[in-house]
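Right, one structure below, let's go through it.
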Amino acid sequence: MLRLVLSRLLAAIPVMGVVAIFVFLLLRLSPGDPAAILAGDTATPEIIAEIRADLGLDRPIPEQFVTWIGQLAQGDLGKSVLSKQPVTMMISQRVEPTMSLALTTLIFAIVVAVPMGILAAWKQGSWFDRGIMALSVAGFSIPVFVLGYIMVYVFSMKLDLFPAQGFASIRDGLPGFLERIALPTVTLSFIYIALFARITRTAMLEVLNEDYIRTAHAKGLKERVVLVKHALRNAAIPIVSVIGIGFALLIGGVVITETVFNIPGIGRLVVDAVLGRDYPIIQGVILVFSGVYVLINLAIDIAYVLLDPRIRY
Amino acid sequence: MRQVFRHAAFRNPSVLIGGGILLVLLIVALVAPLLTEHDPGTIAPRFRLRGPSDQFLMGTDMLGRDVWTRVVHGARISLLVSTVVASISISIGLLIGLVAGYIRWLDGPMMRAMDGIMAIPGILLAIALVSLSGASLLTVIVAIVIPEIPRVARLVRGVVLSIREEPYVEAAVGLGTPTPKILIQHILPNTIAPLIVQGTYICASAILVEAILSFLGAGLPPEIPTWGNIIAEGRAVFQRAPWIILFPGGFLAVTILAVNILGDGLRDTLDPRMKKRLGA
């Protein structure tokens with residue numbers, strides 16, 4: 001087990017390396033003067049010169065890279081152009097709403113989609129199955145911000161059931177938290193419900209034809225036991241791996257959903273940074289999210305082995 | 001190939017429905033100025049925030065511009081961006097995938113680079129690129145293309161890896177056929193069907209990402225009427241004038257749906273193995 005974790009960690013290092021090189025080159029190779037970009041639109045030539053010297057942008061590229069990687073390794077993502085605060089601090093202040101939304105979305109999507117997928121596979125070809133498949137195509141096609149505004153229009157403007165905007169921390173009480181996070185969660189989970197339901201159905205269909213399922217039926221086990229204990233456990237691998245793929249989608253979705261519902265999370269931070277041309281923040285968030293993506297995939301690789309002892313690395 | 005297409009179109013309802021909706025949209029985009037008596041950019045403050053009516057089919061925005069006019073002009077941008085993005089990312093991804101799949105020592109480094117790019121959330125990467133190089137059609141296209149390339153490269157590499165073991169490829173190698181010729185004559189044709197399918201999905205994703213970028217303020221300049229820009233401008237007045245967002249949003253959703261349905265139909269007809277794998 002330890003060897004597995006270590007070898008996976010080692011494999012993640014080159015990926016993170018490529019991410020770092022790519023993000024580094026993005027600023028240096030983009031048209032225009034990076035110091036001027038970092039300084040923002042209102043900067044005077046003196047400020048630009050100061051930033052250039054500060055960041056060592058006047059030195060050779062390889063030397064810049066070593067300095068930059070060194071700072072990165074110490075967790076230093078630079079300073080915001082507008083607020084002059086460290087980017088790490090600004091991101092960590094915004095983690096809670098984003099994490100809350102990501103987790104409620106994942107949980108809600110799994111709880112809704114996996115049973116849907118199981119039932120669709122069990123009743124393959126029925127109207128229920130067709131309905132789920134049609135819904136899943138629709139789920140992939142409705143952009144999350146369009147869906148968000150439809151949700152606001154229906155549930156907040158017409159029915160007046162939920163507040164349209166904002167975020168309340170779970171520490172200030174569960175009811176307030178749920179009331180505020182409900183609409184964003186349902187909005188953002190739509191595409192995951194589509195994705196997870198589809199993959200659960202496919203994985204279950206593959207397993208349901210296996211001999212051991214027939215055996216389980218033959219020995220008179222209840223349908224529910226066969227589906228959950230025999231079929232679902234063996235179908236779990238592709239489902240878990242899609243949850244990993246889904247995470248990449250989730251990040252993009254969080255940025256947009258936070259904008260629609262005015263949630264003060266990392267996504268809002270990025271969008272405000274775009275409007276203020278505050279590049280260090282954008283770069284910092286990219287590095288953090290890519291790191292989280294790599295870590296999640298690592299966790300999923302390890303989960304494979306725990307779920308299925310037949311897999312060996 | 002042409003026969004395969006005709007076969008696909010006549011036999012598969014998804015291809016007909018998806019393709020039909022897209023064809024209508026394409027015509028709407030091409031003849032956009034004929035479908036309206038308004039101009040997409042003319043500001044008319046005395047007509048601001050009017051609801052949908054005979055005069056303004058989809059209402060007006062906060063500057064009094066006709067939403068319907070802006071939506072049909074927006075269709076041009078969406079279709080243009082999606083086809084350009086799909087062709088560029090497929091060309092580059094195809095090249096990388098062919099080389100990585102066939103030339104063994106390049107495989108490792110090239111695919112690690114692709115893994116790295118895939119680890120960066122596409123939307124954020126696009127946002128970073130646009131905010132660094134300024135909002136223009138070219139930047140937006142480049143920003144959407146880059147995250148798509150690794151997906152195409154992976155797909156092509158997978159096909160190449162399985163085809164290179166086929167006896168006819170081995171025979172060609174044995175006869176001393178030069179590598180470029182093997183790649184183009186024997187391997188390339190096998191990638192066409194999956195690439196057509198993938199290309200359709202890239203179109204859907206490009207339309208979506210372009211709209212998202214505009215919506216977040218990191219897309220085309222606001223004076224260009226794109227669906228994302230129209231929606232972004234409607235944000236502040238959504239409670240008073242929901243039509244500014246709901247109509248272009250509906251167009252966006254239907255377009256992406258049509259492309260996805262077309263893609264599913266093409267996948268089922270062109271790539272039966274994939275259909276079996278997905279259990280669809």
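Please treat every number below as a calculation from the coordinates, not as lab data. Computed from a predicted model, the values in this text were never measured in an experiment. Methodologically, a virtual Cβ is constructed for each residue, glycine included, from the backbone with ideal geometry; neighbour enumeration extends over all protein chains shown.
Quick rundown of the values:
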| quantity | calculated |
| --- | --- |
| Karplus-derived 3J(HN,Hα), 6.51/-1.76/1.60, for each residue of region B:196-211, Hz, glycine and proline x | 4, 4, 4, x, 4, 5, 5, 4, 4, 5, 5, 4, 5, 5, 4, 5 |
| Sparse-neighbour loop sites [trypsin sites (Lys or Arg not before Pro); region B:218-274; at most 13 other C-beta within 10 Å; DSSP] | B:ARG240 |
| Rounded to the nearest 20 debye, dipole of region A:2-73 from Cβ charges on Lys, Arg, Asp, Glu | 620 |
| Proximal lysine pairs, the protein assembly as shown, alpha carbons under 26 Å, eight or more residues apart or interchain | 7 |
| A:LYS158 paired with A:LEU9, simple spin-label distance in nm, labels 7 Å along Cα-to-beta-carbon | 5.4 |
| Residue-averaged 222 nm ellipticity for chain A, from DSSP H runs of 4+ at -39500 (n - 2.57), nearest 500 | -25000 deg cm²/dmol |
| ³J(HN,Hα), Karplus 6.51/-1.76/1.60, whole Hz, each residue of region A:185-195, x for Gly, Pro | 5, 4, 4, 6, 6, 3, 5, 6, 4, 4, 5 |
| Added length on full extension, which subtracts the Cα-Cα distance from 0.36 nm per residue, A:SER92 to A:ARG224 | 43.1 nm |
| Rounded FRET efficiency, nearest 0.05, which uses the C-beta distance separating B:ASN190 from B:MET62 and R0 of 60 Å | 0.70 |
| Amide H within-cut-off set for A:LYS79, under 5 Å, with H built and near neighbours excluded | A:VAL87 |
| Kirkwood-based shape ratio for chain A, expressed as Rg/Rh from alpha carbons | 1.05 |
| Spatial separation of Cα centroids for region B:221-242 and region B:140-180, in angstrom | 42 |
| Cβ charges +1 (Lys, Arg) and -1 (Asp, Glu), total dipole of region B:28-273, debye | 300 |
| Separation of the B:LEU30 and A:SER126 label points, Cα + 7 Å toward Cβ, nm | 4.7 |
| Extreme residue, positive dipole direction of region B:28-273, given options B:VAL31, B:ILE182, B:LEU106 (C-beta unit charges) | B:LEU106 |
| Size of charge dipole - the protein assembly as shown - debye, nearest 20, with Cβ of Lys, Arg +1 and Asp, Glu -1, no other charges | 1720 |
| Length-normalised contact order of chain B in % [C-alpha pairs under 8 Å, at least 6 apart] | 26 |
| Mean ellipticity per residue at 222 nm, deg cm²/dmol - from DSSP H runs of n ≥ 4 across chain B, formula -39500 (n - 2.57) | -24000 deg cm²/dmol |
| Other protein chain Cβ atoms within 10 Å, averaged over every residue that makes up A:6-16 | 2 |
| Cβ-defined net charge surrounding A:ARG59, 12 Å radius [Lys, Arg +1; Asp, Glu -1] | -1 |
| Most positive-pole-ward Cα, B:LEU137, B:ALA86, A:ILE107, against dipole of the protein assembly as shown from beta carbon charges | A:ILE107 |
